[in-house]
Amino acid sequence: MTGLGTDAWPWVLAGSALGGMARYWLSGLVARRVGETFPWGTLVVNVSGALAAGLLLGITVVMPGAMPVFLLQLLLLGFLGSYTTVSSFSLQTLQLARNRQPLPAAGNVVLSAGLCLAAAWLGLRLVAG
């Protein structure tokens with residue numbers, strides 16, 4: 001995202017703290033509800049984050065300038081940057097593979113990539129039409 005200015009760090013910092021806490025809470029909630037044999041919590045977090053990113057992108061495309069720059073810094077760079085979890089996805093997929101569970105490992109890759117791309121597209125379409 002270009003043009004966000006060098007004064008972004010306070011907003012990115014605040015958003016990152018909130019996004020990390022939200023990720024911890026939601027992924028834990030999902031894991032407690034459906035179990036931890038598959039990384040459903042991380043999948044839910046990443047897909048919902050992709051949807052939110054698509055919505056924010058859609059707002060900036062449909063209504064340029066409608067969202068203040070600090071809000072994009074807070075939400076897109078900070079919150080969603082910390083909320084979504086490529087590192088957790090990578091480690092959990094590797095653990096499945098190391099535990100000789102190639103189908104769940106491959107399923108996590110396919111579901112995560114497919115659903116996250118679909119959610120981002122949906123978010124953009126919901127706003128941009």
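The values are calculated or read from the model by the stated rules, or taken from the named source; none is laboratory data. Since we're looking at a predicted model, the values are computed, not measured. Here the Cβ is made from the backbone with ideal geometry for all residues, glycine too, and neighbour counts use every protein chain on show.
For every residue, the table says whether it meets (1) surrounded by 12 or more Cβ atoms within 10 Å (Cβ to Cβ); (2) acidic (Asp, Glu); (3) more than 26 Å from Ala8 (Cα to Cα).
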residue: Arg33; (1), (2), (3): no, no, yes
residue: Val45; (1), (2), (3): yes, no, no
residue: Ala66; (1), (2), (3): no, no, no
residue: Gln73; (1), (2), (3): yes, no, no
residue: Thr85; (1), (2), (3): yes, no, no
residue: Arg98; (1), (2), (3): no, no, yes
residue: Gly107; (1), (2), (3): yes, no, yes
residue: Gly114; (1), (2), (3): no, no, yes
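Restricting the search to region 9-44, which residues are within 14 Å of Phe89 (Cβ to Cβ), in a helix (DSSP H, G or I) and aromatic (Phe, Trp, Tyr)?
The answer is Trp40, and nothing else.
Let's see how each residue does on (1) of a type in the set (Asp, Glu); (2) at pLDDT below 95; (3) under 28 Å from Thr60 (Cα atoms):
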{"position": "Gly3", "(1), (2), (3)": "no, yes, yes"}
{"position": "Arg23", "(1), (2), (3)": "no, no, yes"}
{"position": "Val30", "(1), (2), (3)": "no, no, no"}
{"position": "Arg33", "(1), (2), (3)": "no, no, no"}
{"position": "Glu36", "(1), (2), (3)": "yes, yes, no"}
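Of all residues in region 79-129, which are of a type in the set (Gly, Ala, Ser) and within 15 Å of the chain's Cα centre (by Cα)?
Just the residues of region 79-129 that are of a type in the set (Gly, Ala, Ser), to begin with: 81-82, 87-88, 90, 97, 105-107, 112-114, 118-120, 123, 128-129.
Result: Gly81, Ser82, Ser87, Ser88, Ser90, Ser112, Ala113, Gly114, Ala118, Ala119, Ala120, Gly123.
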